[in-house]
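Student: The structure that follows is given in the form of structure tokens.
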Amino acid sequence: MHKYGAIAGGGLAWIDLNLFNGKLPFTLRDSTPDHAQLKPASACSNIEYPKPDGKLSFDKLSSVFLSNTNHEEDQICHLVLTDSDLPIRDNLPEYDEPAQRYCPAGVYEVITNDDGSKHFQINAQNCVHCKTCDIKDPAQNITWIAPEGGGGPCYPNM
Ligand code: SF4
């Protein structure tokens, strides 16, 4: 659907799933990686989301709490930046640092310091291991590595 659009792509997906039971004899590959699809912030307008109502919609940190996510605090950060300056130097002016928004757990924050400068903060303790950041960072600057000792989300009722 990403490659051929909603109508042609949706039709092909329907044929694959319903007529071939998901076993289409060839693969329709999308050759453009997801991280290369990001538009610059200047080409987009801000989306004003309504505040979570606590009934049908919830804030990120309440949902992280429900996932029972936990990591030992005295471990090396399992979200590794190849270039630690890149998020503020390149991603912030070009893409308004998208990690602030695509991470479902609010792990990445751009903090304004007292002197007006900014720094990129990683709250690795909250990571729910979706690996979106590893895939979506436009510079491919973030590498997700397995944390210590089985840390991460724990859904007791699943
Ligand atoms: S793996 Fe998912 S939850 Fe963890 S930091 Fe990356 S985007 Fe956020």
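The values are calculated or read from the model by the stated rules, or taken from the named source; none is laboratory data. All values reported here derive from a predicted model rather than from experimental measurement. In this analysis, Cβ positions are derived from the backbone assuming ideal geometry, glycine residues included, and neighbour counts consider all displayed protein chains. These area figures cover heavy atoms from the full protein model, side chains too; ligands, DNA and RNA do not enter into them. Shrake-Rupley method; radii C 1.70, N 1.55, O 1.52, S 1.80 Å.
Student: If you go through the stretch 99-118, how many residues are more than 20 Å from Glu48 (Cα to Cα) and open to solvent by 40 Å² or more (accessible area, probe 1.4 Å)?
Tutor: Filtering the stretch 99-118 down to residues more than 20 Å from Glu48 (Cα to Cα) leaves 107, 111-118.
Cutting the leftovers down to open to solvent by 40 Å² or more (accessible area, probe 1.4 Å) gives us 111-118.
Final tally of qualifying residues: 8.
Student: If the requirement is being more than 15 Å from the ligand (Cβ to nearest atom) and surrounded by 15 or more Cβ atoms within 10 Å (Cβ to Cβ), which of these qualifies: Asp96, Asp74? Can you show your working first?
Tutor: Working: Asp74 fails: surrounded by 15 or more Cβ atoms within 10 Å (Cβ to Cβ).
Just one listed residue meets the conditions, Asp96.
Student: Can you name the condition, by its number, that Pro153 falls short on among (1) under 22 Å from Asn68 (Cα atoms); (2) more than 14 Å from the ligand (Cβ to nearest atom)?
Tutor: (2)
Student: While we're here: So, in the stretch 119-136, of the ones that are surrounded by 14 or more Cβ atoms within 10 Å (Cβ to Cβ) and more than 8 Å from the ligand (Cβ to nearest atom), which residue ends up nearest to Ser84 (Cα to Cα)?
Tutor: The residue in question is Phe120.
Student: Could you grab the pairs with beta carbons closer than 6 Å, sequence gap of 6+ or different chains, first residue in the stretch 62-75 and over 11 Å from Gly151 (Cβ atoms), second one at pLDDT 90 or above and among the aliphatic types (A, V, I, L, M)?
Tutor: Short answer, once both residue conditions are applied: Val64/Ala105; Ser67/Val128.
Student: Of all residues in the stretch 35-61 being open to solvent by 80 Å² or more (accessible area, probe 1.4 Å) and acidic (Asp, Glu), which is farthest from the chain's Cα centre (by Cα)?
Tutor: Asp53
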